[in-house]
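Just below is one structure, and these are the notes that go with it.
The values are calculated or read from the model by the stated rules, or taken from the named source; none is laboratory data. All values reported here derive from a predicted model rather than from experimental measurement. Here the Cβ is made from the backbone with ideal geometry for all residues, glycine too, and neighbour counts use every protein chain on show.
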Amino acid sequence: MEEPEYIDENLPGLERSSKIDQSDLHRLLYRVAELDEKKAFSLFFKLYHARLLLLAQVYVSSPHLAEDIVSEVLIKLLKNRKEAFKKTNFLGFLYTCIKNQALDHIRNSKKHRYLKLDNDNIDFFVQHRSDPCNQLIGKEFEEIIFDCIESLPPRRKLVYKMIKDDGMSYKEVAELLDISPRTVEVQLKFAVRHIKMIVDDYLSCNP
């Protein structure tokens, strides 16, 4: 892995936004894989742990089991970090590991069951929060958006973050969650619709 430019260890604001661009992620992974930095892994954990739990809970009904699954995967990756953290599509690889680990648990114990996915059928399209005009609103607006995303139903929030924050395709998300690309599209549109509603309410009160 080629040594990237220096990156501030605190990555200001990322903890709150839960979003990291690919160049920052590359630098963060380099610091974990090549420099064995505990602080870098702690930040990576903080940024991605919640969504990894959401993914695991798509397959297993127990939050405690989901936590075990995520922990097992992360421990395995850390042991093999020189190779694992150099994957070109690391997030896709990571999510696939979580899915496979969950399925292994299911195969090994018939006590666990799948969670039911939503069967929403509304078809609409709205604008994503990254619209340039939205970015001028300020810190208060960003906090409202963050809280709005965090309040989404778990699987809908996971779909939103995988697509909007991680840049994954409908097909990739559908394969990970064992649903159709159409269902992914609908879940995303529900999420964006909810976010847009909150944004519209905020802007109407803050012209």
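Observations on the structure shown:
- Extreme residue, surrounded by the most Cβ atoms within 10 Å (Cβ to Cβ), among residues of the stretch 181-207 that are within 16 Å of the chain's Cα centre (by Cα) and among the β-branched types (Val, Ile, Thr): 184
- Here is the figure for the stretch 165-207: residues that are in contact with a helix residue (DSSP H, G or I) (Cβ under 8 Å, 6 or more places away or on another chain) and assigned to a helix (DSSP H, G or I) total 21.
- For the stretch 87-116, filtering for residues that are aromatic (Phe, Trp, Tyr) and modelled with pLDDT under 90 leaves 1.
- For the stretch 77-106, the tally of residues that are within 18 Å of residue 47 (Cβ to Cβ) and not in a helix (DSSP H, G or I) stands at 3.
- One residue stands out in the stretch 159-180 among those that are within 16 Å of residue 25 (Cα to Cα) and of a type in the set (Lys, Arg): the one that is farthest from the chain's Cα centre (by Cα), namely 164.
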